[in-house]
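Notes to accompany the following structure.
The values are calculated or read from the model by the stated rules, or taken from the named source; none is laboratory data. From a predicted model like this one, the values you see are computed outputs, not experimental measurements. Cβ atoms come from the backbone with ideal geometry, glycine included; neighbour counts cover every protein chain shown.
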Amino acid sequence: MSLCRIFILHVLFISFSSFALSAKELIGTAIIDGKIIQIFSDKTWKHKGDNASTSIGDCDFVKLNFYFCNNENFKTTAAVDPITKSYEIDGRTFAGFIVEPMGTADGLTGEAMANVALEFAAEGAGVSASQIPQYFIKNETINGYDYTSLAYSAKLQNGISFTFLNNIFVQENITVQAVVYTLGQEVTDDLLKYGKTVVKGVDFR
């Protein structure tokens, strides 16, 4: 059984090193004919709020209006509910996206979703949420999108430990958890690097 499936079967989430600019980032906005457009680093643009863009490139459709721009060509793996789309990064590290059709319009916040993720991790580890090692929680912005980033570890009931970097994007009508997780109980430079790569690929259309 793969490490990805071991993790998913035990923990069901609702849940920097210098890095070359390879994913699409929002670099500016402009108003043309009374409409706001967003300008990206890959020389594409779109009207703010539109589902269509002038270029799809390496972006994978995930669910609803959420896309992941897989510019590093991570290998797609079988996703198990509630994960919508899953990727293998290096054999020890994986990324998964959990997409839910609810958001700020329903009263959700990044902090509230972070607490839910910790509760689910605690349930999978058979401990209380207060016993889950937490390394940081902070608010960040990428590609013009605000998100909450939370790092924590959990030792599953089968004895295998994972460390999670859960990046939670709460939009008006959609919430996305972009989770990067790896073996061990340490926030490594590689985990932070891969986490940055994954959030750079986040795109709502």
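At-a-glance table
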{"read-out": "Among the candidates Leu64, Leu26, residue that is at pLDDT below 90 and of a type in the set (A, V, I, L, M)", "value": "Leu26"}
{"read-out": "Positions within the stretch 142-194 being over 30 Å from Asp106 (Cα atoms) and assigned to a loop (DSSP other than H, G, I, E, B), in sequence order", "value": "Leu156, Gln157, Asn158, Gly159, Ile160, Gly184, Gln185, Glu186, Val187, Thr188"}
{"read-out": "Index of the failed condition, Pro82 passing every other in (1) surrounded by fewer than 19 Cβ atoms within 10 Å (Cβ to Cβ); (2) in a strand (DSSP E or B)", "value": "(2)"}
{"read-out": "Members of the stretch 99-143 that are of a type in the set (Asp, Glu) and over 16 Å from the mean Cα position of the chain (by Cα)", "value": "Asp106, Glu119, Glu123"}
{"read-out": "Residue among Ala125, Ala121, Ala129, Ala117 that alone is out of contact with any strand residue (DSSP E or B) (no Cβ under 8 Å at 6 or more places or on another chain) and small (Gly, Ala, Ser)", "value": "Ala129"}
{"read-out": "Residue count, the stretch 159-179 (criterion: among the β-branched types (Val, Ile, Thr), touching a Ser or Thr at 6+ places or on another chain (Cβ under 7 Å) and more than 16 Å from Asn143 (Cβ to Cβ))", "value": "2"}
{"read-out": "Verdict on Thr197 being within 23 Å of Ala79 (Cβ to Cβ), of a type in the set (Ser, Thr, Tyr) and in contact with a Gly (Cβ under 7 Å, 6 or more places away or on another chain)", "value": "no"}
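Here is a yes/no grid of residues against (1) at pLDDT 95 or above; (2) of a type in the set (A, V, I, L, M); (3) farther than 17 Å from Leu165 by Cα:
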| residue | (1), (2), (3) |
| --- | --- |
| Trp45 | no, no, yes |
| Asp58 | no, no, yes |
| Asn73 | no, no, yes |
| Tyr87 | yes, no, no |
| Gly91 | no, no, no |
| Ala95 | yes, yes, no |
| Ile98 | yes, yes, no |
| Ala122 | no, yes, no |
| Glu140 | yes, no, no |
